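Structure first, commentary second.
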Amino acid sequence: MKNFTTLSGPAAPLNMINVDTDQIIPKQYLSAISRAGLGKGLFHDFRYDMADKEKPDFILNREPYRDAKILLAGDNFGCGSSREHAPWSLDDFGIRCVIAPGFADIFFNNCVKNGVLLIVMDEAKVGELMALADNPQSCQMSIDLDAQSITLADGSSVPFEIESFRKHRLMNGLDDIEITLQKNAEISAFEAKQKAAMPWLYR
Amino acid sequence: MSDPKTLFDKVWESHVVAENDDGTSLLYIDMHLTHEVTSWPGFESMRNSGRRLRRTDALLAVPDHVIPTINQAEGIKDELARVQFETLLKNCADFDVPLIPLLDERQGIVHIIGPEQGATQPGITLVCGDSHTATHGAFGCLAFGIGSSEVEHVLSTQTLVQKRPKNMRVAIDGELPLGVSGKDMILAIIGAIGTAGGTGHVIEYVGSAIRALSMEGRMTVCNMTIEGGARAGLIAPDETTFAYVKGRPMAPGEADWDAAMDYWRSLPSDPGAAYDKEISLDANMIAPQVTWGTSPEDVAPIDGRVPDPAAASDEKQRDAIQQALDYMDLSANQPIEDIKIDRAFIGSCTNGRIEDVRAAAKVAKGRKLAAGVSAMVVPGSGLVKAQAEAEGLDKILLDAGFEWREPGCSMCIAMNGDILSPGERCASTSNRNFKGRQGRDSRTHLVSPAMAAAAAIEGHFVDVRSLAS
């Protein structure tokens, strides 16, 4: 898995609550058996009109936000479907950090697995960052995960909180499956015990 | 005596393989259901890494999302979808995964066939790469949706690394009025707690109104738990549950039945068990519900009105309501009953079971669709379809002008060609009214099967209880 240490670039404000995974990446991108190129479909209906032309007003269609690396969003970002296409499309577009007052649970787990950093911050603070991001002159931000700090365009910094397990996984890009397979003996022991007690679960 | 535990506590604690130093747990997974959309990365990765599939007997695959609901025997026309479908078949063949094939009578939506086949049982842990896995919690198992990376983790290890969620209790006492269903109940709950109300929690539904529900009704309630932000919803197993499970192909057989029952009867939450969050609703006060906006929390009773953004409590809410009304082409204070529809969709993992088809047919019997309205009924599985046909429900629906389709996810996710046109307005028994969910610029109103059928007959939303039976 890709690790996450630092990230610098424009932060784009998306001041909407309950942005669901259908908005992040709609159904027509779910039929392929490939993750490649999903960035094109990110926020599809916000970005393109019915003729597939860019909507000039949408934030990610404007400079310098076409190169956004960070997204500032409203509460409950990523609600809805479990599609991992949501973090894949963010990552493919170049956005590897989303800051919001809250995230939906499945989306949250999917981001950890893909090296996408989610920062939970109270609404007032997110609002202040959105105001800065809204201005191309002050939208540049730098994130240092180890230091748990966001450096703003004026050189000041904002601290953020993150659970230690998630920080550790992101910093090191750990492969959960390899780590779990090291516990193979414990898994086998669990299975042996369960099979004795509940043989009907083993067919 | 040990501390009183909730149903969730018991299932969770009995499945912990190891506690990790970082506060997460390694949780054993008893049953893994899978389908074509989210499983391919896991199989691809197993091939590339040489990792093996740990258990084939705790896995069941079925195609559902992209398959057509007419002329299934002719196969899938869309090239991308066909390749995805064929990839599932190939993966199942290569890795020896039990698969219910497309034209098999048992085929259907993964969350309908799990319970039908007896794969869903009380007290187990069950996952699927689909958020509506919450459905299975109706049996008192811990069931939640996962992404593709977690699907792969389960394929290779039969476990997941999870942070323990909190307990939330939703109590619904009293009696649902006649004509009011589990769908109305869960919509009312989501309206009360909001779409993020259950985030970080599992919800246990308790109370006399829950006990009175059939398994079908309980599955509808648990199914939409994710729309309230919680990954899993649970209902303690009881005689209704046991009667449903008994005799199913993958359920415990005669030799194991008593032992299984002993375990299942130990599952209900202990008296005095603690919850982190609690709410209660009076079932008697729940009317048929209709969503008016673009989030499942945007819901009103049938005798209610579309909200007025000007009356919102804060600017964010005002903006959100205004955006929803613009998208839905509704005006503030418009009576819900005045909203006219173009289409009706009855089906999905929320409302594609036999009881749902019966409810729609009961309303449709002897009536005709309103002029200009088209409606389709998509049974959730081949077994539901066969049962409905044995009861003559297909005939009643066809006589009223409804289409009677073959099983699949259909217009709930609209990946298979069953899709609304821009601007079309649909009374839908599915679970999400998100912008564009059923087709770009389409407008979805979530309702119960009876309410969808009634709207299709009248051409606009109407209290199904006002139609003479």
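The values are calculated or read from the model by the stated rules, or taken from the named source; none is laboratory data. Remember, predicted model here, so these are calculated numbers, not experimental data. Cβ: placed from backbone, ideal geometry, glycine included. Neighbour counts: every protein chain shown. We work out accessible area using only protein heavy atoms, side chains counted, and drop any ligands, DNA or RNA first. Shrake-Rupley method; radii C 1.70, N 1.55, O 1.52, S 1.80 Å.
Looking at the range B:166-201 only, could you name the residues that are assigned to a helix (DSSP H, G or I) and surrounded by fewer than 18 Cβ atoms within 10 Å (Cβ to Cβ)? Let's see the steps before the verdict.
Pass one, the range B:166-201, residues assigned to a helix (DSSP H, G or I): B:182-193.
Matches in the range B:166-201: B:ALA192 only.
Which condition does B:THR24 not pass, out of (1) open to solvent by 10 Å² or more (accessible area, probe 1.4 Å); (2) within 10 Å of another protein chain (Cβ to nearest Cβ); (3) of a type in the set (Ser, Thr, Tyr), if it passes all the others?
(1)
Starting from the range B:169-185, take each residue that is assigned by TED's automatic domain parsing to the domain that holds B:MET215 and list its partners that are among the acidic types (Asp, Glu) and surrounded by 24 or more Cβ atoms within 10 Å (Cβ to Cβ), counting only C-beta distances under 6 angstrom and pairs at least six apart or across chains.
Once the first residue is assigned by TED's automatic domain parsing to the domain that holds B:MET215 and sits in the range B:169-185, its partners that are among the acidic types (Asp, Glu) and surrounded by 24 or more Cβ atoms within 10 Å (Cβ to Cβ) give B:ARG169/B:GLU204.
I'm trying to understand the selection: among the residues of the range A:16-27, which are more than 7 Å from chain B (Cβ to nearest Cβ) and modelled with pLDDT of 95 or more? First the steps, then the outcome.
As a first pass, look at the range A:16-27 and keep what is more than 7 Å from chain B (Cβ to nearest Cβ): A:16, A:19, A:21, A:24-25.
Result: A:VAL19, A:THR21, A:ILE24, A:ILE25.
Just one of B:MET411, B:MET328 is under 23 Å from the mean Cα position of the chain (by Cα) and among the aliphatic types (A, V, I, L, M); which is it? Break it down stepwise before answering.
Values: B:MET328 fails: under 23 Å from the mean Cα position of the chain (by Cα).
Every option except B:MET411 fails the conditions.
I'd like to check something: does the range B:439-462 contain any residue that is within 20 Å of A:GLY80 (Cα to Cα), surrounded by fewer than 24 Cβ atoms within 10 Å (Cβ to Cβ) and not small (Gly, Ala, Ser)?
yes
Suppose we keep only residues that are out of contact with any Lys or Arg (no Cβ under 8 Å at 6 or more places or on another chain) and closer than 30 Å to B:CYS412 by Cβ within the range A:60-80. Which one would you say is farthest from the other protein chains (Cβ to nearest Cβ)?
By that ranking, first place goes to A:LEU71.
Inspect all residues belonging to the range B:271-283 and state whether any of them is within 27 Å of B:MET328 (Cβ to Cβ), within 14 Å of chain A (Cβ to nearest Cβ) and at pLDDT 95 or above.
Residues of the range B:271-283 within 27 Å of B:MET328 (Cβ to Cβ): B:281.
Filter again for within 14 Å of chain A (Cβ to nearest Cβ), leaving none.
Scanning the range B:271-283, I find no residue that is within 27 Å of B:MET328 (Cβ to Cβ), within 14 Å of chain A (Cβ to nearest Cβ) and at pLDDT 95 or above, so the answer is no.
Kindly provide the set of residues from the range A:179-199 that are more than 18 Å from B:ASP57 (Cα to Cα) and more than 9 Å from chain B (Cβ to nearest Cβ), ordered by number.
Correct list: A:GLN182, A:ALA185.
Criterion first (under 30 Å from B:ILE203 (Cα atoms) and either buried (at least 19 other Cβ atoms within 10 Å of the Cβ) or touching a residue at least 12 places away in the same chain (Cβ under 8 Å) (or both)) does B:LEU89 satisfy it?
On the way: under 30 Å from B:ILE203 (Cα atoms): no; either buried (at least 19 other Cβ atoms within 10 Å of the Cβ) or touching a residue at least 12 places away in the same chain (Cβ under 8 Å) (or both): yes.
The answer is no for B:LEU89.
Can you confirm whether the range B:71-81 contains a residue that is at pLDDT 95 or above and either outside the structural domain of B:LYS246 (by TED's automatic domain parsing) or among the aromatic types (Phe, Trp, Tyr) (or both)?
Looking for residues that are at pLDDT 95 or above and either outside the structural domain of B:LYS246 (by TED's automatic domain parsing) or among the aromatic types (Phe, Trp, Tyr) (or both), one finds none in the range B:71-81, hence no.
Just checking, does the range B:320-336 include any residue being outside any loop (DSSP other than H, G, I, E, B) and at pLDDT below 95?
Taking the range B:320-336 and keeping what is outside any loop (DSSP other than H, G, I, E, B), we get B:320-328, B:335-336.
With the extra rule that they be at pLDDT below 95, the set shrinks to B:320.
Within the range B:320-336 (the criterion being outside any loop (DSSP other than H, G, I, E, B) and at pLDDT below 95), the answer is yes, since at least one residue qualifies.
From the list B:GLU278, B:GLU337, pick out the single residue that is crowded, with 17+ Cβ neighbours inside 10 Å, in contact with a strand residue (DSSP E or B) (Cβ under 8 Å, 6 or more places away or on another chain), of a type outside the set (Lys, Arg) and farther than 30 Å from B:ILE109 by Cα. I'd like the intermediate steps shown before the answer.
Numbers: B:GLU278 fails: crowded, with 17+ Cβ neighbours inside 10 Å.
Testing whether each residue is crowded, with 17+ Cβ neighbours inside 10 Å, in contact with a strand residue (DSSP E or B) (Cβ under 8 Å, 6 or more places away or on another chain), of a type outside the set (Lys, Arg) and farther than 30 Å from B:ILE109 by Cα leaves just B:GLU337.
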